[in-house]
Amino acid sequence: MERTLVLLKPDCVQRRLMGRILSRFEEKGFNVIAMKMMQVTPELSKQHYAEHVEKPFYPGLEAFITGAPVVAMIVEGLDVIQVVRDMLGATSGLKAAAGTIRGDFSSSRQMNLVHASDGPEAAAREMGLYFSADEICSYEPTLTPWLRADDE
């Protein structure tokens, strides 16, 4: 099983889309094994977006991500990193395909509702920023045999 960090960003929270977006991951058959609402601090923003801190757009990014609460979660499943990113669609909601989360709910590059880790190393680093080991609750749903074959 693979794990990824997903953040429902401040625009998602403010627009009251949390449940609709969370349901897409659950309907896909993924397990949400950790979840909390929190306020991202400037310090956490700098850690999370470390590769962007020196870029000219960073101050606006920090103001956005710290401007309202986020919902942080760890999502677990087969090929979850790539599948979740595919479910989100292109970074800009204007370029994201219909049927993707951003394609259906976003019309902005920055106000794009959801963050998801872009690879295994990023997922491990980001999950460690938002969750401690004792906050993760792995489980096997009783309906798993109806979601995928035993050899998957």
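The values are calculated or read from the model by the stated rules, or taken from the named source; none is laboratory data. None of these values were measured; they are calculated from a predicted model. Cβ: placed from backbone, ideal geometry, glycine included. Neighbour counts: every protein chain shown.
Residues in the range 91-122 that are of a type in the set (Val, Ile, Thr) and not in a loop (DSSP other than H, G, I, E, B) were compared, and the one that is nearest to MET18 (Cα to Cα) is VAL114. Evaluating MET1 against the criteria (1) modelled with pLDDT under 95; (2) buried (at least 16 other Cβ atoms within 10 Å of the Cβ); (3) not β-branched (Val, Ile, Thr) leaves one unmet condition, (2).
This table checks each residue for (1) closer than 21 Å to VAL71 by Cα; (2) touching a Leu at 6+ places or on another chain (Cβ under 8 Å); (3) polar (S, T, N, Q).
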{"position": "ALA98", "(1), (2), (3)": "no, no, no"}
{"position": "SER107", "(1), (2), (3)": "yes, yes, yes"}
{"position": "ARG125", "(1), (2), (3)": "yes, no, no"}
{"position": "SER132", "(1), (2), (3)": "yes, no, yes"}
{"position": "TYR139", "(1), (2), (3)": "yes, no, no"}
{"position": "THR144", "(1), (2), (3)": "no, no, yes"}
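Pairing residues of the range 131-152 that are small (Gly, Ala, Ser) with residues that are surrounded by 11 or more Cβ atoms within 10 Å (Cβ to Cβ), at Cβ distances under 6 Å and at least 6 apart in sequence or on separate chains, gives SER138/ILE33.
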